[in-house]
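Some notes on the structure that comes next.
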Amino acid sequence: MRVLIIGANGQLGKCLSDTKPEKLDLISYSKEEFDLLDIDKCLQKIDRDKPNYVINAAAYTAVDKAETEKEIVEIINAQNPYKIAYKLQNLGGKFIQISTDFVFSGLKSSPYKTDDDLSPLNEYGKSKALCEKLLLELNNSKTIRTSWLYSPYGKNFCLTMLHLHKSCLEKKVPLRVVSDQISCPTSCFSLSNVCWKMIINNEIFRNKQKIFHWSDSGVASWYDFAVAIGEIGLKLGLLEDNSKVLPIKSKNFPTPAKRPCFSLLDSSDTCDLLKLERNHWRFELENVIEQIKLIN
Ligand SMILES: NC(=O)c1ccc[n+]([C@@H]2O[C@H](COP(=O)([O-])OP(=O)(O)OC[C@H]3O[C@@H](n4cnc5c(N)ncnc54)[C@H](OP(=O)(O)O)[C@@H]3O)[C@@H](O)[C@H]2O)c1
């Protein structure tokens with residue numbers, strides 16, 4: 001079974017490679033090797049490689065910058081992934097797309113279900129929602145929505161906070177983090193495991209359901225996440241001490257893109273279908289910080 005990963009140098013792409021089940025053959029393409037802005041070359045590679053599965057771990061993920069690059073964001077995050085999935089359908093291959101909790105407005109007060117209405121607040125969320133809608137037309141594609149991804153690789157909140165805990169401590173200033181946006185941190189390793197399970201348990205592709213949710217279990221604000229990163233970083237010896245973390249309101253930390261204040265995902269369907277149990281996000285966080293320690 002041949003699996004092709006798009007966006008192999010992103011944080012999810014790297015965790016997918018780290019966790020690949022032995023019996024699968026992997027073709028991994030970085031942005032340079034498979035640029036979603038050059039669709040003709042991408043389609044040629046799909047035609048040549050004829051993968052059984054494609055996992056799309058590539059995306060335009062700079063949420064704030066996306067506000068001013070709407071057209072490019074839509075091509076990278078929606079139109080061209082759809083063209084690849086369509087081509088793959090004609091070749092008999094299957095497509096796994098990763099989407100986001102940012103497709104929701106955040107006005108609910110209970111976890112979002114897979115069939116809740118989409119109402120994204122920013123251009124990044126709109127492009128991901130458009131991709132979901134386009135892929136619903138195809139029979140070979142499944143979309144996994146996830147939230148607040150982090151890993152030992154690339155740019156993510158966990159690595160940024162480890163750095164800020166150190167620098168705020170040195171400067172003797174508190175670390176201020178928003179406490180009124182609520183969802184759940186998700187380890188790229190736990191999401192990778194779901195992608196591999198979907199491929200190995202081919203039943204999923206016979207199932208009519210096309211949209212899935214996957215987050216680690218529990219609930220957190222960015223403030224809770226930052227506090228836990230400090231505590232676990234200290235416990236595992238990555239930090240000598242942690243800086244004081246102060247909760248702030250989103251309105252005091254304005255960003256170009258609006259973000260949902262509540263976007264917790266209900267992952268129960270995925271757990272049932274794949275017979276998976278979720279770990280609490282603090283447990284997954286400790287695993288990731290252990291990996292960060294090993295790499296450094
Ligand atoms: N990060 C989160 O919190 C989060 C939450 C929910 C869902 N998601 C979704 O999860 C998936 C994986 O995200 P991630 O956190 O792993 O993102 P990431 O670390 O930013 O990786 C995305 C990868 O896509 C590449 N890329 C950008 N433009 C491309 C193009 N034109 N053609 C091909 N590749 C391109 C990037 O390359 P460069 O770095 O060189 O630009 C990067 O290697 C994405 O679909 C994202 O929307 C992420």
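Computed from the coordinates by the stated procedures, all read-outs in this text should not be read as laboratory data. All figures in this text were calculated on a predicted structure; none of them were measured in a lab. Cβ coordinates were reconstructed from backbone atoms using ideal geometry, including for glycine residues, and neighbour counts include every protein chain displayed.
Around the amide H of Lys244, modelled in the peptide plane, lie the amide H atoms of Leu175, all under 5 Å away and 5 or more residues distant in sequence or on another chain. Near Ile27, the amide H atoms lying under 5 Å from its own belong to Val3, Leu4, Ile5; only residues 5 or more places off or on other chains count, and H is placed 1.01 Å from N.
Which angle from 0 to 90°, rounded to the nearest 10, does the C-alpha axis of helix 39-49 make with the longest principal axis of the chain? Value to nearest ten degrees: 70. Karplus-based coupling profile of region 23-29, in residue order and whole Hz: 6, 9, 9, 10, 10, 10, 10, with θ = phi - 60° in 6.51 cos²θ - 1.76 cosθ + 1.60 and x standing for Gly or Pro. So if I take the centroid of the Cα atoms in region 209-281 and the same for region 127-153, what is the distance between those two points in Å? After rounding, the separation between the Cα centres reads 19 Å.
Not counting the cut sites, what is the longest span of the chain without GluC sites (Glu not before Pro) that DSSP labels loop and that have at most 16 other Cβ atoms within 10 Å?
Working: sites that count: Glu22, Glu32, Glu33, Glu69, Glu137, Glu240, Glu277.
In the chain, the maximal stretch lacking such sites is 138-239.
The angle between the Cα long axis of helix 80-91 and the main principal axis of the chain comes to about 40°, on a 0 to 90 degree scale. Taking every DSSP bridge with both residues inside region 148-271, close to 20 percent are antiparallel. In the elastic network of the chain, a GNM with C-alpha springs shorter than 10 Å, the most mobile of Ser183, Ser268, Ser151 is Ser268. Of the trypsin sites (Lys or Arg not before Pro) found in region 47-145, those in coil by DSSP whose Cβ has at most 16 other Cβ atoms within 10 Å are Lys108, Lys113. Taking the DSSP beta bridges with both ends in the chain, the antiparallel portion is around 5 percent. Loop-resident trypsin sites (Lys or Arg not before Pro) (DSSP state other than H, G, I, E or B) in region 231-263 with no more than 16 further Cβ atoms inside 10 Å of their Cβ: Lys244, Lys249. Considering only alpha-carbon pairs that sit under 8 angstrom and 6 or more positions apart, the relative contact order computed for the chain is 21 percent. Residue by residue, region 221-233 carries 3J(HN,Hα) couplings of 9, 4, 4, 4, 4, 5, 5, 5, 4, x, 4, 6, x Hz when phi is fed to the Karplus relation 6.51 cos²θ - 1.76 cosθ + 1.60 (θ = phi - 60°); x denotes Gly or Pro. Here the 3J(HN,Hα) profile of region 183-199, calculated from phi with Karplus coefficients 6.51, -1.76 and 1.60 at θ = phi - 60°, is 6, 8, x, 9, 6, 4, 5, 5, 5, 4, 4, 5, 4, 5, 4, 4, 6 Hz, Gly and Pro shown as x.
With a simple spin-label model that places each label point 7 Å from the Cα along the Cα-to-Cβ direction, the separation between Leu91 and Met1 comes to 1.8 nm. At a Cβ-Cβ separation cutoff of 4.7 angstrom, cysteine residues of the chain with no neighbouring cysteine are Cys42, Cys131, Cys158, Cys168, Cys184, Cys195, Cys261, Cys271. Relative to the longest principal axis of the Cα atoms of the chain, the long axis of helix 281-295 lies at roughly 90 degrees.
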